[in-house]
Amino acid sequence: MSSSSVQVNPHFTKGRAGKNFLVSFRRQDKLPVAAFLIIPPLAEELNKSRRMLCRMANHLAELGFEVVMPDLFGTGDSEGDFADATWDLWREDLFDICTGLKANGYNINILAVRAGALLAYDLMSNKNLNCENLVFWQPVVSGDMWLTQFLRLKLAASIVNDTGSKETTKALKTRLSEGEAIEVAGYTVSPSLANGIKQLNLQNIAPSGCGKIFWLELIASDGKSVLPSSKKVLEKWNQSVEVHSETVIGQAFWSTTEITDADNLLLRTKTLLSVN
Amino acid sequence: MATLDEVKIILNDVLQLGRNVESFTEETSLLGSIPEFDSMAVVSVITALEENYGFEVDDDEIDGGVFETIGSLADFVNHKLEG
């Protein structure tokens, strides 16, 4: 999948709770100009997105970036179980990666996908991370809504399997807030992870410290604008920061039943960053 | 008013049923008949409907009956739009 000039280097780095798996991509023929951190989506969305993330990483490396794609603690090939992951741990691990890249003289750029956008937002807001370009792919605007949709998998499973027991997200959220871990679709969500993600909403305040923000969403057919919930955030953010938003035709690769590509999104992202 | 065609398009976007979807009618069964229609798909379809039509679905409204056929799903959408 990688082009011949891009060197792919999978390795482990020391995270705060254990070893994290990380793949870096860079051109062999010249030194990187800056770093690009890819913050992945969560749970099943990560599995569906792997191929797109890897392809984008190659494109970004071709543009001259040192691309860093970590698996968050308890996900992918990193150590730990999903049940052990907390939101704060993920944020701090990512912050440490950025600190390391900066120490090597690289400015930071970020591509954040789906719920990864909430992590990027948290890094900007609470860790005062500066970044040149912040690219969002179909960002999750509300952590609480993401949690609802994720917990709904349990309800859906009871419908599909016709078990008769109906577990509503409301009831599951109550159990989480009472300190109980909940297993959904093979992922055990800890109360602290749920609580961390629930707090975040892009609507709160525009991130400062970014050079440019690109907000890209996929649409099934021409003529549609970004989602209504995104529009609200963009209106607010545009009062204080410059955000370029646009829609690109392509399939919702993070949720499709089969692994799909959204080539237009890859190419458009590359173009926006090249002009930049 | 949501048309059957709109619902079919949304289903196809989520499940990638390909050409098959064109031959679907109101009576075409979903749950238990289409192998792609797993729990992940159910959630994706609900999310896609919420995003597409701008309504919010409450858990209490979701049961097997909604996803029985294309027609029952379209009825559900129209019920939400009228409400």
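Scanning the range B:37-46 turns up at least one residue that is open to solvent by less than 20 Å² (accessible area, probe 1.4 Å), in a loop (DSSP other than H, G, I, E, B) and over 15 Å from residue B:76 (Cα atoms).
Can you find, within the range B:59-83, the residue that is surrounded by the most Cβ atoms within 10 Å (Cβ to Cβ) among those that are touching a residue at least 24 places away in the same chain (Cβ under 8 Å) and at the interface with another protein chain (Cβ under 9 Å from one of its Cβ atoms)? If we take residues in the range B:59-83 being touching a residue at least 24 places away in the same chain (Cβ under 8 Å) and at the interface with another protein chain (Cβ under 9 Å from one of its Cβ atoms), then B:67 is surrounded by the most Cβ atoms within 10 Å (Cβ to Cβ).
Here the strands (runs of 3 or more DSSP E) wholly within the range A:10-107 that include at least 1 residues being modelled with pLDDT of 95 or more and in contact with a His (Cβ under 8 Å, 6 or more places away or on another chain) are A:19-27. Given B:51, B:6, B:26, B:56, which one is open to solvent by 40 Å² or more (accessible area, probe 1.4 Å), part of a helix (DSSP H, G or I) and more than 9 Å from chain A (Cβ to nearest Cβ)? Just a single option satisfies the conditions, and that option is B:6.
Being part of a helix (DSSP H, G or I) and open to solvent by less than 60 Å² (accessible area, probe 1.4 Å) is the filter here, so list the residues in the range A:165-191 that pass it. Show your work before the answer.
Keep residues of the range A:165-191 that are part of a helix (DSSP H, G or I), which gives A:169-177, A:191.
Matches in the range A:165-191: A:169, A:171, A:172, A:173, A:176, A:191.
Total residues in the range A:245-263 satisfying the condition of being more than 14 Å from chain B (Cβ to nearest Cβ) and exposed (fewer than 15 other Cβ atoms within 10 Å of the Cβ): the figure is 2.
Among residues of the range A:100-124 that are more than 20 Å from residue A:61 (Cα to Cα), those with a Cβ under 8 angstrom from a residue that is open to solvent by 40 Å² or more (accessible area, probe 1.4 Å) and assigned to a loop (DSSP other than H, G, I, E, B), sequence gap 6+ or separate chain, pair up as A:124/A:208.
Residue A:194 meets each of the listed conditions (1) more than 20 Å from residue A:116 (Cβ to Cβ); (2) open to solvent by less than 70 Å² (accessible area, probe 1.4 Å); (3) part of a helix (DSSP H, G or I) apart from (1). Among the residues of the range A:155-164, those identified as surrounded by 15 or more Cβ atoms within 10 Å (Cβ to Cβ) and either within 8 Å of chain B (Cβ to nearest Cβ) or of a type in the set (A, V, I, L, M, F, W, C) (or both) are A:155, A:156, A:157, A:159, A:160. Each residue in the range A:230-251 was checked for being under 19 Å from residue B:55 (Cβ atoms) and within 18 Å of the chain's Cα centre (by Cα), and 1 of them qualify. As a summary of the residue check, residue B:55 satisfies the conditions (1) free of Cβ contacts under 8 Å to residues at least 12 places away in the same chain; (2) within 20 Å of residue A:169 (Cβ to Cβ) except for the one numbered (1). A residue that is open to solvent by less than 20 Å² (accessible area, probe 1.4 Å), farther than 23 Å from residue A:263 by Cβ and β-branched (Val, Ile, Thr) occurs somewhere in the range A:60-75. Here is a check on your reading of the model: is residue A:241 assigned to a loop (DSSP other than H, G, I, E, B), open to solvent by less than 60 Å² (accessible area, probe 1.4 Å) and free of Cβ contacts under 8 Å to residues at least 40 places away in the same chain? In short, yes. Of the residues examined, residue B:14 is not one that is outside any loop (DSSP other than H, G, I, E, B), aliphatic (A, V, I, L, M), open to solvent by less than 40 Å² (accessible area, probe 1.4 Å) and more than 8 Å from chain A (Cβ to nearest Cβ).
Scanning the range A:109-127 for residues that are farther than 13 Å from residue A:46 by Cβ and either surrounded by fewer than 23 Cβ atoms within 10 Å (Cβ to Cβ) or touching an Asp or Glu at 6+ places or on another chain (Cβ under 8 Å) (or both) gives A:109, A:124, A:125, A:126, A:127.
The values are calculated or read from the model by the stated rules, or taken from the named source; none is laboratory data. In this text, all values refer to a predicted model and were calculated from it rather than measured experimentally. Here the Cβ is made from the backbone with ideal geometry for all residues, glycine too, and neighbour counts use every protein chain on show. Note: areas computed on protein heavy atoms with side chains; ligands, DNA, RNA excluded. Shrake-Rupley method; radii C 1.70, N 1.55, O 1.52, S 1.80 Å.
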